[in-house]
Amino acid sequence: MRELDKQIIDIRKDKKALEEFIISQEGFIIKNASKTTKHFVSKSDDEWSIALSAYLEAIEKYDIEKGSFVSFAEMIIRSRLIDWFRTNGKFGPEVHVEAYEEKATNTHHEENLRLEIEAVGDTLKKYGFSFMDIEKQSPKADKTKMACKIIINYIIDNPILITELQSSFLLPVKIIEKNSGVPRKIIERHRKYIIAVVEILVGDYPYLSEYLRYIKGGKI
């Protein structure tokens with residue numbers, strides 16, 4: 001028997017255990033509410049209240065003989081949110097639905113981008129600079145952009161350099177200069193930019209990586 005499914009049956013009889021369980025599942029509820037609405041849902045939003053109520057409903061109505069609780073809870077949350085949107089006129093004629101979904105998608109993208117910037121910012125602090133510092137060292141001339149592109153690709157193509165970078169928090173300038181053919185002056189001048197782009201491209205930052213496609217592509 002699945003442990004979580006059994007736990008759901010048990011906590012129905014224990015109010016304190018139920019309250020503690022709900023707190024531990026807030027991330028799950030927010031994730032599924034955000035997935036349905038196509039924008040990030042916070043605990044101050046109406047959507048959070050609807051999703052929380054739906055999750056409690058799922059716990060109350062769950063039948064262990066009919067499958068996993070997770071799938072059932074996801075279905076209930078999605079269903080109740082859609083019902084709420086329709087009841088409150090959030091969805092009108094089809095054209096308005098499309099407009100809403102486009103806006104929700106844009107909001108979702110912006111929120112994910114913000115979260116990625118915060119996450120990579122925390123990583124860059126270990127190197128002694130912030131995400132905002134990148135702009136100051138970003139290459140402007142095409143020739144310099146190409147030089148930085150060569151450096152970044154060289155590092156990414158050599159996992160041992162990535163390991164060294166992430167363990168020492170120092171850019172291996174001598175090795176890069178020797179093997180990339182890029183002058184030391186350029187490497188040091190754009191150190192923060194190079195480190196930041198490497199961390200983004202080798203990390204889990206799909207939205208930020210989208211803005212750096214030219215690094216792997218043929219054009220600047």
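The values are calculated or read from the model by the stated rules, or taken from the named source; none is laboratory data. Given the structure is predicted, the values throughout are model-derived calculations rather than measurements. We place every Cβ from the backbone using ideal geometry, glycine too, and count neighbours over all the protein chains shown.
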Enumeration of residues in segment 47-71 that are in contact (Cβ under 8 Å) with a residue 12 or more places away in the chain and acidic (Asp, Glu): Glu47, Glu57, Glu60
Test result for Val70, outside any helix (DSSP H, G or I) and surrounded by 12 or more Cβ atoms within 10 Å (Cβ to Cβ): no
The one condition in (1) in a loop (DSSP other than H, G, I, E, B); (2) surrounded by fewer than 16 Cβ atoms within 10 Å (Cβ to Cβ) that Lys16 fails to fulfil: (1)
Which listed residue is touching a residue at least 24 places away in the same chain (Cβ under 8 Å), part of a helix (DSSP H, G or I) and in the same structural domain as Leu208 (by TED's automatic domain parsing), from Ile160, Ile176: Ile176
Exclusive hit being more than 14 Å from Ile215 (Cβ to Cβ), in contact with a Lys or Arg (Cβ under 9 Å, 6 or more places away or on another chain) and either surrounded by fewer than 18 Cβ atoms within 10 Å (Cβ to Cβ) or among the aliphatic types (A, V, I, L, M) (or both), set Glu177, Glu188, Glu135, Glu164: Glu177
